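Written below as structure tokens is the structure these notes are about.
The values are calculated or read from the model by the stated rules, or taken from the named source; none is laboratory data. This structure is a prediction, so every number in the text was calculated from the model and none was measured. Heads up, the Cβs are rebuilt from the backbone with ideal geometry, glycines too, and the neighbour counts pull from every protein chain shown. Heads up: the accessible areas ignore ligands, DNA and RNA and are worked out on the full protein's heavy atoms, side chains in. Shrake-Rupley method; radii C 1.70, N 1.55, O 1.52, S 1.80 Å.
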Amino acid sequence: MTTAFDPIELGGVRLANRVVMAPMTRSRAYGPGAEPTELMATYYAQRAAAGLIVTEGIQPSPVGQGYPDTPGLHTPGQVRAWRTVTDAVHRAGGVIFAQLMHTGRIGHPSLLPEGLVPVGPSPVAAQGRVYTHQGPREFVTPKELGEAEIRQTIADFATAGRNAVEAGFDGVEIHGANGYLLHQFLADNTNHRTDAWGGSVEGRIRFAAEVVTAVTEAIGGRRVGLRISPGNPFNDITENNPGEIYEALLNRLAGLDLAYLHLMEGPDAELTARLRKAWPGTFVLNPFTHPDITGPDALKLIEDGSADLVAYGALFLANPDLPRRLAGGGPFNTPDQSTFYGGDHRGYTDYPTLTV
Ligand SMILES: Cc1cc2nc3c(=O)[nH]c(=O)nc-3n(C[C@H](O)[C@H](O)[C@H](O)COP(=O)(O)O)c2cc1C
């Protein structure tokens, strides 16, 4: 029987185990350059025992930033600074993919360089509020992307993929989940387009498919993963037929020899099984455990064949040596939500490891 502690080959790289650190925004890339810091290198290196680390969401372009103090991967300074992080993780024996996250309509002009506004497939504002340096603010109506801007956005993802390789990352995970730009093209309530980037199933999956394809052409499919969250209403998303949409997307991507598909599961377990079946490649599962966080029970998903790898978010945040703790049945540190976003080393690099 395969267990979470067996190695696996992923995109040509050997992972020591099948426990993935899920992508988590931590908003600690302070300064105007949106560059990762030494403290971030320490944080990721501490977690190098993961089979695979997926970084926090990283904007592939200035307009892709939707939260304060998130890092980018579109300037030479950012590439240099990420090299410090990837070197630290590799020295500690880890494998690390960069999550490329364009937040689309989720954001605020005050988070963007002068003159830029959040963009989206259609001019539909998200309900709710976004966190800014000045406190919570209502979402604004995004600027509808024109054909040339869509092409430029796809090219920005490809460039960020190349930058990731130059910065020493083992690969990239494209963020197609959680109501950000790719998801906004896929979903019913955010994509009202009547051109080739909306309307039919084929139109709605096109942007996500072309982004993945472009990054694959830039750095090779084996270095590219995709994260999706079918049916997840987070960030004011409505999807009426996620099974049809995502199965079509997976069918379109099946030939690209991607490193993996990462499913952030919702409450519909049948949909998970359907997409697992539709995907010919490596399958990473971040299981639906709401209102709890993913815990030791998820290890059985590897044993029963539901997934090839399992992703842990909050538990990995609080337990830098998570694979060891999982292997020994605990104990586990408890994540402190008050230090999830922003702040200093507290609640970031000071969670203790086991001492014996
Ligand atoms: C602090 C925090 C930040 C997160 N940021 C991201 C992110 O940048 N990109 C992403 O795809 N998911 C993000 N997530 C979602 C996690 O990757 C994961 O799917 C979620 O926490 C559920 O898994 P868990 O129960 O193991 O924590 C974040 C979660 C947390 C707790």
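Using the alpha carbon gyration tensor of segment 8-339, what are the three equivalent-ellipsoid semi-axes (square root of 5 times each eigenvalue), largest first, in whole Å?
With the √(5λ) rule applied to segment 8-339, the semi-axes are 28, 24, 19 Å.
What does the charge count near residue 80 come to, summing +1 for each Lys or Arg and -1 for each Asp or Glu among other residues with Cβ under 14 Å from its Cβ?
Counting the neighbours of residue 80, the net charge comes to -3.
Using a 1.4 angstrom probe on heavy atoms only, work out the carbon and sulfur share of the accessible area of the chain in %.
Within the chain, the accessible surface is 52 percent carbon and sulfur.
Pick out, in residue order, every one of the GluC sites (Glu not before Pro) in segment 82-166 that is DSSP loop and has at most 14 other C-beta atoms within 10 Å; say none if there are none.
Hits after loop and neighbour filter: 114.
When only Cα pairs under 8 Å and 6 or more residues apart are kept, what is the percent relative contact order across segment 1-109?
It comes to 30 percent, rounded to a whole number.
Give, to the nearest whole percent, the P(r) tail of segment 234-334 beyond 15 angstrom, counting all Cα pairs.
For segment 234-334, the share of Cα pairs beyond 15 Å comes to 66 percent.
Can you give the accessible area per residue of segment 8-339, in Å², using a 1.4 Å probe?
On a per-residue basis, segment 8-339 sits at 37 Å².
Over all directions, what mean area does the Cα convex hull of segment 138-274 project, stated in square nanometres?
Mean orientational projected area (segment 138-274, Cα hull): 8.6 nm².
Quick one: Karplus J couplings for segment 255-261, per residue in order, coefficients 6.51, -1.76, 1.60, θ = phi - 60°, nearest Hz, x for Gly and Pro?
x, 8, 6, 5, 4, 5, 10
Could you pull out which residues in segment 59-82 have an amide N less than 13 Å from a spot 7 Å beyond the Cα of residue 30, following the Cα-Cβ vector?
Correct set: 69.
Stretched out fully, how many nm does the piece from residue 270 to residue 338 gain, at 0.36 nm a residue minus the Cα gap?
Between residue 270 and residue 338, full extension yields an extra 21.0 nm.
Helix-only mean residue ellipticity at 222 nm, the chain, DSSP H runs n ≥ 4 weighted -39,500 (n - 2.57), per residue, nearest 500. What is it?
The per-residue figure over the chain is -9000 deg cm²/dmol.
So what is the relative contact order of the chain, in percent, for Cα pairs below 8 Å that sit 6 or more residues apart?
17
In the neighborhood of residue 316, defined by Cβ-to-Cβ distances under 13 Å, what is the net charge if each Lys or Arg adds +1 and each Asp or Glu adds -1?
Within the 13 Å Cβ shell, the charges total +2.
So what does residue 165 come to for accessible area, using a 1.4 Å probe and Å² rounded to 10?
Its accessible surface works out to 50 Å², give or take rounding.
Please give the charge dipole size of the chain, origin at the Cα centre, charges +1 on K and R Cβ atoms and -1 on D and E Cβ atoms. Round to the nearest 20 debye.
The dipole magnitude comes to about 460 debye.
Would you mind getting me the FRET efficiency between residue 327 and residue 92? Use the beta-carbon distance for r and R0 = 30 Å, nearest 0.05.
Here the calculated transfer efficiency is 0.95.
Explain nothing, just the number: relative contact order of segment 311-350, from Cα pairs under 8 Å at least 6 residues apart, as a whole percent.
Contact order relative to length: 37 percent.
Would you mind getting me the FRET efficiency between residue 346 and residue 117? Use the beta-carbon distance for r and R0 = 30 Å, nearest 0.05.
Efficiency, from the Cβ-Cβ distance: 0.30.
With both bridge residues required to lie in the chain, what share of the DSSP beta bridges run antiparallel, to the nearest 5%?
Around 20 percent of the beta bridges assigned by DSSP in the chain are antiparallel ones.
When the convex hull of the Cα atoms of segment 1-101 is projected onto a plane and the area is averaged over all directions, what value comes out in nm²?
Quarter of the Cα hull surface area: 6.5 nm².
Cβ under 13 Å from residue 178's Cβ, residue 178 left aside: what net charge do those residues give with Lys, Arg +1 and Asp, Glu -1?
Charge balance in the 13 Å sphere: -3.
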